[in-house]
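What follows is a single structure, written as structure tokens, with notes after it.
FYI, it's all coordinate maths here, none of it is from the lab. Fair warning: this is a prediction, and the values are worked out from it, not measured in the lab. Cβ sites come from the backbone with ideal geometry, for glycine too, and all protein chains shown count toward neighbours.
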Amino acid sequence: VAYIDSTNTAQFGDVININSAGNYEFNYISQRNGNILSLSNRLERTYDIPIGKVQLVRVPYYNSALVTDTLTCLPWDGEKGGVLVLNVRDSINLSGHINVSGRGFRGAVGLNTNQTPFNCSQDNYYYNYLAGDTAARKGESYATLSDQRIFGKGKLAGAGGGGNSHNSGGGGGANGGLGGQGGYQLQACTSGTFDNGGRGGVSHAYSNLTNKIFMGSGGGAGHVNNPPRFTGSGGNGGGIAIIRGATLINNGYTIQSNGQEAVACTLPGSGCHEGMGGGGAGGTLLLDVSNFVNNLDLEAKGGAGGNMTDGVNGLLGPGGGGGGGICWFKSASVPAGLNPYLNGGVNGTCINYANNPWGAVPGTAGNNLFTLNLPFSSTPFSANIDSVRIQDSITGCQSFNFNGFGYTNNAPIQSWHWDFGDNTSANTQNTSHTYSSTGTFQVQLIVTDLNGCKDSIIKLVTVANIPTSSTTNLAICSNQSPYTWNGQSYSNSGTYNVTLTSTNGCDSIATLNLTINQPSISTNNISICNNQLPYTWNGQTISSGGTYTATLVNANGCDSTATLNLVINQTSSSLTNINTCASSLPLSWNGQTISTGGTYTANLINSAGCDSTASLNLSVLPNGSSQTNVSICSSQAPYTWNGQSYNNSGTYNVTLTGTNGCDSIANLNLTVNPVRTSTTQVAICNGQLPYTWNGQSYNSPGNYTVTLTGSNGCDSIATLALSIGIAATTQENLQRCRAQLPLNWNGQVLTSPGTYSATLSTSAGCDSVVNLTLTVFNDPIVSSIGDSSICPGQSITLETQGAVSYQWSPTTGLSNPNASNPLFTGTSSQQYVVTGTDANGCRGTDTLNIEVKTLAGLQVPPDAGICRKDSARLNGNNGAAYTYQWTPVSGLSNPNIENPMASPETTQVYQVSITDSICGISNNFSVRVTVWDLPNVQASKSNDITCRQRQSRLRAQGASQYSWEPATALNQTNISNPVANPSNQTTYVVTGTDTNGCSNQDSVTIKVLTSPAAYGIPTAFTPNNDGLNDCFGVRYWGDTRDFQLIIWNRYGEKVFETKQSGDCWDGTYKGSPADPGTYVYLVEGITGCGKLRKKNTVVLIR
């Protein structure tokens, strides 16, 4: 993130330090583990993590790409988006737009305060966001501000400032061009102009040296306050589009990264009498492309400032225009056919006041940049943090000092984090900590460098002697006080503390929680029934009423005196006898439901609350019933039963009285059977007579009836409806042409003439015989002249035979389209179809092509391309019917043939004259043979092979495809940057092929230096706790066995010794800083390069 001037002056928003803002580079992902990505190569540029916003953009790699619809990216949301990268090896075919317009930094969102009266002439460059109706918000850019300064007219780096009160316009965003200033405040405030509109954003000075890129910045908001609540928001800037490929073929589409216009107001009346927002800046287009085919429009234009549309309430601030963007080309100038449009956005106006801009200014145009060099990291990644160390010392009974050491290769340690193993932590390099309990704790130090990379170390510390504490909880009765504890007497409840000394010499705090309890008294009044005796209470057995006492111990352990007053009540009983009919059941009695006779008992409670037993003797008298089933015919109705008459089937019952006085129910099931009728419909052919039905024979159609007896014994009347059909025979005669066969006839497929028969069924279902006589005529054979060619101005007769009449299609160029021999006088080639009809009406056709010789129809000979010192075969492209003459003849194998070989030294345009051999007319064409230079292939290496660096990354550039030889010790042979790990010195040759297919070579030699000299040891160190060279030891030794490092001072005293290759001397001796000066060291061990022993001196510098 960039640093800006934040003073309340005209310099507010000027960039003081760009820092890492705008940095970008390409790298490769070597590994993914969840959300953790590992890069193959080292980051070449710095990035402000976590201060700034850094996003990782996934870039797919395509051999070729066809864009068929609009290609865009996510809009910038404050964390991600705004960047589109299209990375293609060969060609990009553009059949759709690439558009990242409005995807960049966001325009300010307006805040309508809906406040009156006016706060005119507010003139500060920044305001607190809580400052009320004073100013509008600034747009978004590559610098940030706190909420205390985010409002007001001052710009924010490239972002436009917000309009101040009252109703001034917002400033336009910037990128390559400057943002325009917003318009003045409300005219009525000062009876004139007052310049407090939002300032336009400042443009960034792009250069090949810094190679930074930015999205277009957002426009500032206009100041708004009217009740309809228009917002006056600024427009978004354009995004970043990086297009990389060998060739871009355009098919009428554009690449766009325009700034967005400020939000327009469409509210009625005074709703639009507000300050308007500034336009967003155009974005950035990077074209790493060598060749362009067809014209291509590139747009990175600034967005327009907002117009003020009210025409009644006076002049106030329109929005400033956004600045133009950036087009950055790989070439040294704008490629031919490319049209960059980098215009600044127009300012808004008060459109109903003769388009008065009222102080609003347009944005300025953006810039074209050249010789683009996309930053690709090629140095293999190695960790910046070499090692981490912890030095600890005990400072008290439970306290420690911890010092952290971090050794780096490049960037220093950025942050320190301690975890003390007891859920506490610290964030300084050196710290102290006091533990609250004994035990062994795992102390971890985590360091983070400037790039966000981390390393850590763990050390165990043991806490044995720490302060102890004890607590005694005690409850006594009041008759036991006073209580004596640790030499003190206590008569009241409370918490008491004394400080003692533990056996380990640390403080021991003893706590007494004392509770003094009192005795208690209780009385119980109880009534029971005599059947509950004897009654047990507090260990006593009681058989009669009276008053009783007992002495107990209460819940607190003190005396408790209990008194019992006991009353004894008596029980009672009764008997009831009942007779009832069964139909009266069930019977409810004392809460019971009774369905049968018997003796029942109920236990109740009497008025004294004791048991009362009630008894019931129940006798049940039975009900009577009878069943009668009767079936009659309908002619026998009505039916009389128990004095009732019935005409219909059904179930009937009557209730009578039995001899025991209970109900007797009589039931009747009556069935009345009806007379049945039926009708039979029969259709037969006359060959099926006579027809027999119910014992009768019938020879003619009609309706017949018989009366029968049904299965129920009643009459059944049956009716026959008889119809008689007649068979039929017909004859058909058909004529067809041969082309009309086969013929589908009554389910038969007929392919030749003859007599055919089919037996069908009439509508009555009787046979119908159809006879067919089919006559077939042969189709005429129509024959015209063959395909013919004529010269311009000539005619030809189209002689045709084989039919009686003719029809030509199309009719163009013919003297008579209905003649057998029309005359063709056309001026252009034509295909005709002639249809002839014979006397039988049958038809035949013929097709012929008439070619009118003309050179307008010649195929254009194609251009060719060759690599330098190669040959190309030219192609006249029109066949042997023509003669050819090529010029100039230099470098041609034969200038008089269709396809001579051409071997020009440089690009050459040949002329070829193509002559028609029949009519003798000629036409001339130009054929361009492009001679491409061989690619400038360059090979390099990252390092030679040493014991420390066991592999080297090769790199080739200058072409688009590569092939390495020999393949020995290479991970891949067909990429630009393979990894090599040869065991002997090896020279690798790379063949690079560009997009034209031209090839060239270069070579690079990797030396193998696997000797002890590769194991470097520092010659001096500075233990001043600055995180750089604070500790002396070996580095980059990897796996080492039988290691030891010994250091002596000039007096021969051993000041340090270790057998761990990762340990180092921190410059202390016997717990104190050692004197500066020269020390002697001995280091030995078995390394990757064999056994190593080295004795030398090191200088301690303070």
Along segment 663-669, what does the Karplus equation 6.51 cos²θ - 1.76 cosθ + 1.60 (θ = phi - 60°) give for ³J(HN,Hα), rounded to whole Hz, x for Gly and Pro? 4, 10, 9, 9, 10, 10, 9
Rounded, prolate or oblate, given the Cα gyration tensor of segment 272-422, with a/c below 1.5 counting as rounded? oblate
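Name the shape class, rounded, prolate or oblate, that the alpha-carbon gyration tensor gives for the chain, where a ≥ b ≥ c are the square roots of its eigenvalues, rounded holds for a/c under 1.5, and otherwise prolate holds if a/b is larger than b/c and oblate otherwise.
Numbers: a/c = 2.10, a/b = 1.02, b/c = 2.06.
Oblate is the answer for the chain, as a/c is 1.5 or above yet b/c matches or exceeds a/b.
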Separation in nanometres of the label points that stand 7 Å from Cα toward Cβ, at Thr472 and Ser584: 8.5
Cross-link partners among aspartates and glutamates for Lys459, C-alpha distance below 16 Å, same-chain residues fewer than 8 apart left out? Asp392, Asp419, Asp422, Asp1063
Once amide H atoms are built 1.01 Å from N in the peptide plane, which residues 5 or more positions from Val85, or in another chain, come under 5 Å H to H? Ile242
Fraction of beta bridges assigned by DSSP in segment 15-107 that are antiparallel (%, nearest 5): 40
Phi angles of segment 972-986, converted by Karplus (6.51 cos²θ - 1.76 cosθ + 1.60, θ = phi - 60°) into ³J(HN,Hα) in whole Hz with x for Gly and Pro, give 8, 10, 10, 10, 6, 9, x, 9, 10, 9, x, 8, 10, 4, 9
Excluding residues fewer than 8 places away in the same chain, name every one of the lysines whose C-alpha is closer than 17 Å to that of Lys1091. Lys1059
Round to a whole angstrom and tell me the spacing of the C-alpha centers of segment 311-358 and segment 266-302. 8
With unit charges on the beta carbon (Lys/Arg positive, Asp/Glu negative), name the residue among Gly725, Thr671, Ser38 whose Cα is farthest towards the positive pole of the charge dipole of the chain. Ser38
Kindly provide the helix-only [θ] at 222 nm of the chain, computed as the sum of -39,500 (n - 2.57) over DSSP H runs of four or more divided by all residues, to the nearest 500 deg cm²/dmol? 0 deg cm²/dmol
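List the pairs from Lys941/Lys1007; Lys155/Lys301; Lys53/Lys80 whose alpha-carbon separation is above 18 Å, in the order I gave them. Walk me through the numbers on the way to the answer.
On the way: Lys941/Lys1007 10 Å; Lys155/Lys301 20 Å; Lys53/Lys80 9 Å.
Where the Cα-Cα span goes over 18 Å, the pairs concerned are Lys155/Lys301.
Quote the charge dipole size of the chain about the Cα centre in Debye, to the nearest 20; the model charges only the Cβ of Lys and Arg (+1) and of Asp and Glu (-1). Walk me through the intermediate numbers first.
Details: 49 positive and 59 negative charges, 377 e Å.
Here the size comes out at about 1800 debye.
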With +1 on the Cβ of every Lys and Arg and -1 on the Cβ of every Asp and Glu, and nothing else charged, how large is the dipole of segment 763-863 about its Cα centre, in debye rounded to the nearest 20? 220
Amide H to amide H, which residues 5 or more places from Leu369 or on other chains are under 5 Å from it, using H placed in the peptide plane? Cys327, Trp328, Phe329
Taking the dipole about the Cα centre of the chain, with the C-beta of Lys and Arg at +1 and of Asp and Glu at -1, give me whichever of Gly396, Gly245, Leu296 is farthest to the positive side. Gly396
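Taking every DSSP beta bridge that has both residues in segment 676-725, what percent is antiparallel when rounded to the nearest 5? Don't skip to the answer; put the middle values down first.
Numbers: 11 of 21 bridges.
Close to 50 percent.
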Considering only the other residues whose Cβ falls under 13 Å of the Cβ of Asn307, what net charge follows from Lys and Arg at +1 and Asp and Glu at -1? -3
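May I ask what percent, to the nearest 5, of DSSP beta bridges between residues of the chain are antiparallel? Display every interim value, and only then the final one.
Working: 189 of 303 bridges.
If I count the DSSP bridges inside the chain, around 60 percent turn out antiparallel.
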List every residue whose amide H lies under 5 Å from the amide H of Ser664, counting only residues 5 or more places away in sequence or on a different chain, with H placed 1.01 Å from N in the peptide plane. Gly624, Leu656, Thr657, Gly658
